[in-house]
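Asks: One structure coming up, written as structure tokens, with questions to follow.
Here, each number is a calculation from the coordinates, and none is a lab measurement. What you see is a predicted model, and the numbers here were worked out from it, not measured in a lab. Here Cβ is always computed from backbone atoms with ideal geometry, including for glycine, and neighbour counts include all displayed protein chains.
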Amino acid sequence: MDEVVLLVDDDPSVTASLALLLRQQGYASESVHSPEAALAAARRPECALVIQDMNFSRRTTGEEGLHLLAQLKSARPELPVILLTAWGSISLAVLGMKAGAADFVTKPWTNQQLLQSVRTALGLAGAQGASGDEPALTREELDARYDFGEVIGNDPRLLRVLQIAGRVAPTDASVLITGESGTGKELVAEAIHRNSRRRAAPFVKVNLGGISSTLFESEMFGHVRGAFTDARADRKGRFELSGGGTIFLDEIGELDPGSQVKLLRVLQDRTYEVLGSSQSRTVDVRVISATNRTLPEMVDRGEFREDLLYRINLIMLHVPPLRDRPDDVPMLARRFVRTLAHSYGRDDLSINPAALAWLKRQSWPGNVRQLRHWIERVALVSSADVLDADDFAAVTDMEPREAARDTLPPVGSMTMDEIEKAMIVKSLKHHGGNITRVAESLGLSRAALYRRFEKYGIAV
């Protein structure tokens with residue numbers, strides 16, 4: 001049975017344009033022009049996707065479209081629905097996303113943007129349908145299917161993240177990766193790219209927390225010579241550099257409101273303008289974002305755009321902190337020691353069980369990044385070929401997990417931001433305000449630490 005894309009719009013010229021575009025790409029389609037006809041056609045099993053307008057008459061303001069969406073999701077919950085809406089009515093599309101829509105596309109659409117949305121929606125529906133009630137996979141089963149070698153761990157929560165990542169990797173779905181600093185969000189993003197159809201194209205990493213609002217357009221979209229005083233030559237932006245591949249937007253929660261708007265436009269339309277040029281350019285790119293902040297809470301406080309949140313998180317993955325998967329610590333430690341042995345030409349370097357047990361007892365507020373830095377620090381200081389617990393104790397000022405718990409409220413009663421702030425304040429006190437040592441103990445750069453001081457109102 002051939003799959004059919006159902007086109008729903010009261011304007012026949014719109015459905016005719018969509019049908020032609022889809023036919024050129026090998027998709028079969030059916031056009032209807034009323035909610036009643038749409039609901040009847042969507043019930044047929046060959047209907048694999050619906051593209052529906054939000055307005056069916058000039059007198060309505062979207063209520064009819066939302067009502068149709070609710071009926072479609074009630075009749076066939078698994079059926080993906082893409083909403084068509086005007087740019088000025090994106091708030092309406094956000095309501096539709098909350099009600100279960102797969103994506104939204106603004107009018108007038110770009111063909112590339114709409115086709116990517118269609119491919120993504122069908123791809124996700126296929127991945128979810130294929131998974132069905134698929135049981136949790138073992139690490140061995142995951143490694144047999146996917147290239148996840150750089151993401152170390154056997155914890156069931158981490159394996160669940162990788163299982164979902166593997167299923168969505170072949171699609172172009174935007175992915176939002178959440179988790180505390182140092183948990184390995186970038187490694188998960190790289191793994192998704194490595195298992196995607198874009199694997200041969202660039203993977204471009206952008207630390208949005210390190211780009212000021214004044215440089216945002218130049219860094220992301222590029223500039224032409226003479227665009228501003230110091231623009232002595234043309235420069236390609238990050239979106240152009242990532243064309244055909246994946247762009248990884250790290251620390252997306254740090255974007256200021258003005259930059260959020262500019263980012264939303266390029267993610268929405270897949271078009272942008274180079275600074276100093278009036279010519280629009282298109283980009284074919286998959287977007288993966290990451291943050292250690294709680295974006296829904298930021299939306300509630302008016303600090304992050306809700307429409308941008310829905311644009312970047314068709315799929316959300318949460319990477320668990322290292323303190324919640326202590327059994328992974330020895331595996332990570334052994335990998336880091338092997339890497340250091342190779343890097344420093346110390347082929348006999350290893351770590352013994354006592355040291356692994358000592359590492360496992362620590363709280364690791366800086367997560368995997370902190371563990372890696374700490375092992376490297378000990379390896380540099382110690383001349384022993386076999387690293388022992390005494391080697392770590394000799395250079396550490398960390399406290400055991402039990403002691404760390406005594407200094408903080410119960411984790412379950414705190415938000416992620418509150419946990420991070422408490423860890424920073426505790427580390428500042430422990431290190432006597434030494435910024436370098438605080439940054440090292442938390443696995444952060446000094447610049448990232450100063451941004452968190454500003455974010456949480458911590459006086460230093």
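Asks: With a ≥ b ≥ c taken as the square roots of the eigenvalues of the C-alpha gyration tensor of the range 223-268, please select rounded if a/c is under 1.5 and otherwise prolate if a/b is larger than b/c or oblate if it is not?
Replies: Details: a/c = 2.27, a/b = 1.41, b/c = 1.61.
Note, shape of the range 223-268 comes out oblate.
Asks: Moving on. Residues of the range 256-274 with amide nitrogen under 18 Å from the 7 Å Cα-to-Cβ point of LYS236?
Replies: Answer for the range 256-274: 271-274.
Asks: Please give the length that would be gained between ARG157 and ASP2 if that part of the chain were fully extended, namely 0.36 nm times their separation in residues minus their C-alpha to C-alpha distance (nm, one decimal).
Replies: Working: separation 155, 0.36 × 155 = 55.80 nm, distance 3.76 nm.
Here the answer is 52.0 nm.
Asks: Oh, and also: Give me, ordered by chain and number, the residues 5 or more places off LEU387 or on other chains with an amide H under 5 Å from its own placed amide H.
Replies: SER350, ILE351, ASN352
Asks: Sticking with this one: Per residue of the chain, what 222 nm ellipticity follows from adding -39500 (n - 2.57) for every DSSP H run with n ≥ 4, rounded to the nearest 500?
Replies: Numbers: 21 runs with 215 residues, N = 460.
The helix-only estimate for the chain comes to -14000 deg cm²/dmol at 222 nm.
Asks: Got a sec? Charge dipole of the chain, +1 on Cβ for Lys and Arg, -1 for Asp and Glu; which of MET220, LEU340, GLN112 is way out at the positive end?
Replies: Of the listed residues, the answer is MET220.
Asks: Also, quick follow-up: List the relative contact order of the chain as a percent without decimals, with contacts defined as Cα pairs under 8 Å and 6+ residues apart. Present the calculation step by step, with values, prior to reporting the outcome.
Replies: Values: 744 pairs, mean separation 54.4, N = 460.
The value is 12 percent.
Asks: So how far apart, in nm, are the two label points at ASP256 and VAL381 if each is 7 Å from Cα heading toward Cβ?
Replies: Placing both labels 7 Å beyond Cα along the Cβ direction yields 4.1 nm.
Asks: Quick check: the distance between the Cα centres of the range 201-239 and the range 423-460, to the nearest angstrom?
Replies: Cα centroid of the range 201-239 versus Cα centroid of the range 423-460: 29 Å apart.
Asks: If we count other beta carbons within 10 Å of each Cβ, what is the order of MET423, MET316, fewest first? All intermediate terms of the calculation are to be shown ahead of the outcome.
Replies: Numbers: MET423 22, MET316 15.
The most exposed by this proxy come first: MET316, MET423.
Asks: For the peptides 140-152, 285-297, what is the packing order when you average, over each peptide's residues, the other Cβ atoms within 10 Å and list the highest mean first?
Replies: Going by the mean number of other Cβ atoms within 10 Å, highest first, we get 285-297, 140-152.
Asks: Give me the one-decimal nm value for the distance between modelled label points at LYS360 and VAL395, 7 Å along each residue's Cα-to-Cβ direction.
Replies: Those two pseudo-labels are separated by 2.3 nm.
Asks: What is the Cα centroid distance between the range 79-123 and the range 311-355, reported in whole angstrom?
Replies: 39
Asks: For the pair ALA37 and HIS318, how long in nm is the line joining their label points, each one 7 Å along Cα→Cβ?
Replies: The answer from the label model is 4.5 nm.
Asks: Given 0.36 nm per residue, what is the gain on full extension from VAL224 to ARG451 after removing their alpha carbon distance, in nm?
Replies: Contour length minus Cα-Cα distance gives 78.7 nm.
Asks: How much length would be gained if the chain were fully extended between THR436 and GLN71, taking 0.36 nm per residue of separation minus their Cα-Cα distance, in nm to one decimal? Could you put the intermediate results ahead of the total?
Replies: Values: separation 365, 0.36 × 365 = 131.40 nm, distance 5.73 nm.
Full-extension gain reported as 125.7 nm.
Asks: Still on this structure: I need the phi-derived Karplus couplings for the range 443-460: 6.51 cos²θ - 1.76 cosθ + 1.60, θ = phi - 60°, integer Hz, Gly and Pro marked x.
Replies: In residue order, the calculated couplings are x, 10, 6, 4, 4, 5, 5, 5, 5, 6, 4, 5, 4, 9, x, 8, 7, 10 Hz.
Asks: Roughly how big is the range 4-131's charge dipole about its Cα centre, with Cβ charges of +1 (Lys, Arg) and -1 (Asp, Glu), in debye to the nearest 20?
Replies: Details: 10 positive and 11 negative charges, 38 e Å.
The calculation lands at about 180 debye.
Asks: Rounded, prolate or oblate for the range 4-131? Axes are the square roots of the Cα gyration tensor eigenvalues, ordered a ≥ b ≥ c, and the cut-off for rounded is a/c under 1.5.
Replies: Details: a/c = 1.29, a/b = 1.15, b/c = 1.12.
Rounded, since a/c falls under 1.5.
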